[in-house]
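The values are calculated or read from the model by the stated rules, or taken from the named source; none is laboratory data. If you're wondering where the values come from, they're calculated on a predicted model, not measured in any experiment. All Cβ positions, glycine included, derive from the backbone under ideal geometry; neighbour counts span all protein chains shown. Accessible surface areas use protein heavy atoms only, side chains included; no ligands, DNA or RNA. Shrake-Rupley method; radii C 1.70, N 1.55, O 1.52, S 1.80 Å.
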Amino acid sequence: MDSLQGVTSGQRPTAFQCTEGSIAGVTRDRVMRAIAQQSLYVDLQNCRLNEPERVLIAAEPNQLKGVMTQKTSEFVRDRIILEASPKEIEESLTRINLVNTVLAGESVVNVASKANISVRTLQRWLSAYRKKGIDGLQPEHHKKGNYVEKLPEELELIVQKIIESNFLNSDNQNFPHIYGLICGECKERGLVPPSKKAVRRRILPIAEVVSKKVREGAKSAYQYTAYQGMDGKHKEFPLIEVNRFLQRCHIDHTQIDLQLVSIEGVNLGKPWLTTIVDEYSGYVLSCYLSFRHPSNISVMSALRLMVKTHEIFPEAIVVDGGKEFQSVYFETLMARYRATIISREGKPRSGSAVERNYGSLNTIFLDNLSGSNKLAKNIRQVSASHNPKNLSIWEPVDFYHGLLQYIDKFNHQSIKTGGLSPAQIRDKSIERFGVSCSRRVEFNEIFLMNVLLPPARSGTKLKRNSAIQVNRVRYWHICLKSASRKSIAVDIRFDPFDLNYIFVFYQNRWIRFQATKPQHRRVDELEGAILAEVARQTLYINERSKDTSRADLAGFVEELNQDAKAKHDKRKFSSGSLSNNCKVNNNQFGTPSLEESECDEWSSVDWDISIPDSDDEV
């Protein structure tokens, strides 16, 4: 700090940029810290720290006295009244010129005759100028006329009462109904009802935001509000709040309007895309593709890819009201790396930075790909030959690589503002302000353990010689051979980018369990993110297909059983009719016998049958 004060110890202030290159090791962060600690002084009333080329720094406050800062505009001689119309402004300038001519020494009569106006008019202008200055010469034609309300007081009260009780409520009654109520009330009191125009003039002054909020609700009224900053106050220029890279970033999700297929041709559905966008530059920091609905896994994966690619962490992150942003793990990660969470719940316009990016992604990239799902918006008008599900050709890995290439092109070639691309705006910001050391995050095992999450189904237990199953994958470690015979509940962390391993907290340490079967090949972080999602989605589709096929097989087996029972009953009925309905009972020895009462008809049969001795007798 003494070295910084030595640079600014002269009689005149030192430029902000000179302090950086004058001493080795002096960075912009150290200068900013010295200003915050009041070791160095800056005239904050006349200069802004986001314009360092115009900032002067001094070691003592009195050194800044009398120093003239650069101005972006000159003083304006004549005041221009914003309320006046162009014609009134032209007339006021004419009056100023005539008054200045008289004040210069020329007679009032000559000036009035040349301007073709009366002397009394010019004298009135001179008197108004001496009393009010230039404001006294401003024409006030817009104030002419009789604007006094002409309705009687009793009638005025009736109109205001019905407007407040019937118009400003949630019943959302229309104007003809309101006017009919007013006419009915006036008829009962014997008054002449007002005209429709008079009633409309009393409704129109009501602010549209107020009437919409009362009649249709807050969401409908929000569409008519002016821009609101994150603090809820109305802002005329919203981008003034953010003046450097990484000051505030937005994270959000959207469903890709494109059907993806696996290598085998199985339709995997439409994936979800999670992106992180810097608000100041519009630079897309990361994107994560997943077939699951938005969750804390999507948020952590997007942050992981951002740190892996750029090794930076934003100062603040703007989120919506999704439950995935209310996770304990997400809030813990933000606190660990000193990032602020800003909620824009109920304020969709505050997320315009990321929402506008999604609009460009659809119109420029997704809608122009083969098999785009845009025709499915009017699904009743789509024939089978043009159904996007039948025209899908994009595999997840190819699409993800194409998406990353598009985002790179978008960051470096699209125009954000001032003819500069998001990458150029980012570089300019880093050149002027740098990146704080606290925003630099190294991607290592510590960071990886901070972004890993537990599975959705908790309560996993270890058993001796029994593999554990997490997310439809079985994992094993040699420690299971010596595990307790009783089940032990353990904490688990899994890597959404690699299904080949998980971490299990056992015996006071994290142990890495391996999958019993390889789930996908080992690749880098970017490609592993999509490969793991494809493997997980394939497992889910397999499970769902197994359930469907098992249901079909169960129905088929049940039909076979029904056919077999029907045939058995038919044969049983046929055998019973041949025995003349004789009931067969089983005796204690298990052999069939006939009841005596059922065999009376056989008593008349002659059982003496002669057996022939030879064939000739036959």
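Once the whole set of protein chains is in place, how much accessible area is left on S352, using a 1.4 Å probe, in Å² to the nearest 10?
Accessible area of S352: about 70 Å².
Please list H253, H401 from largest to smallest accessible area, probe radius 1.4 Å, with all protein chains kept in place.
Sorted descending by solvent-accessible area, the residues read H401, H253.
Which value in nm describes the separation of the simple spin-label points at A566 and E188, placed 7 Å from the Cα toward the beta carbon?
Here the modelled spin labels are 7.5 nm apart.
Run the 1.4 Å probe and let me know the accessible area of C437, rounded to the nearest 10 Å².
We get 110 Å² for C437.
Which entries in the list K409/K517; K374/K517; K323/K486; K114/K144; K87/K132; K270/K461 go over 31 Å, if you measure between the two C-alpha atoms of each? Mind dumping the intermediate values first?
Numbers: K409/K517 39 Å; K374/K517 39 Å; K323/K486 36 Å; K114/K144 28 Å; K87/K132 21 Å; K270/K461 34 Å.
Among K409/K517; K374/K517; K323/K486; K114/K144; K87/K132; K270/K461, the Cα-Cα distance tops 31 Å for K409/K517; K374/K517; K323/K486; K270/K461.
Using a 1.4 angstrom probe on the protein heavy atoms only, line up R439, R571, R33 by accessible area, largest first.
From most accessible down to least: R571, R33, R439.
Give me the accessible area of H293, 1.4 Å probe, in Å² rounded to the nearest 10.
Counting only protein heavy atoms, H293 exposes about 140 Å² to solvent.
Separation of segment 161-199 and segment 321-357 by C-alpha centroid, Å?
47
Mind listing the long-range amide H neighbours of L258? Cut-off is under 5 Å, sequence gap 5 or more, other chains count too, H placed in the peptide plane at 1.01 Å from N.
For L258, the qualifying residues are N373.
Could you derive backbone 3J(HN,Hα) for segment 458-464 from the dihedral phi with the Karplus parameters 6.51, -1.76 and 1.60 (θ = phi - 60°), listing whole Hz in sequence and x where the residue is Gly or Pro?
For segment 458-464, the Karplus-derived couplings read 8, x, 5, 10, 8, 10, 5 Hz, x marking Gly and Pro.
Using the Karplus equation 6.51 cos²θ - 1.76 cosθ + 1.60 (θ = phi - 60°), what ³J(HN,Hα) coupling, rounded to whole Hz, does each residue of segment 289-299 give in order, writing x for Gly and Pro?
9, 8, 8, 9, 5, x, 8, 5, 5, 5, 5
Mind listing the phi-derived Karplus ³J(HN,Hα) values for segment 416-426, rounded to whole Hz, using 6.51, -1.76 and 1.60 with θ = phi - 60°, and x for any glycine or proline?
8, 7, x, x, 10, 7, x, 5, 5, 5, 4
Taking all protein chains together and a probe of 1.4 Å, list V435, V209 from the most accessible to the least accessible.
Heavy-atom accessible area, descending, gives V209, V435.
Using modelled backbone amide H atoms (1.01 Å from N, in-plane), which distant-in-sequence or interchain residues come within less than 5 Å of A483's amide H?
It is N465, by chain and number.
Excluding E324 itself, calculate the net charge of residues whose Cβ lies under 14 Å from the Cβ of E324, where each Lys or Arg counts +1 and each Asp or Glu counts -1.
-2
Give me, ordered by chain and number, the residues 5 or more places off I57 or on other chains with an amide H under 5 Å from its own placed amide H.
T14, A15, F16
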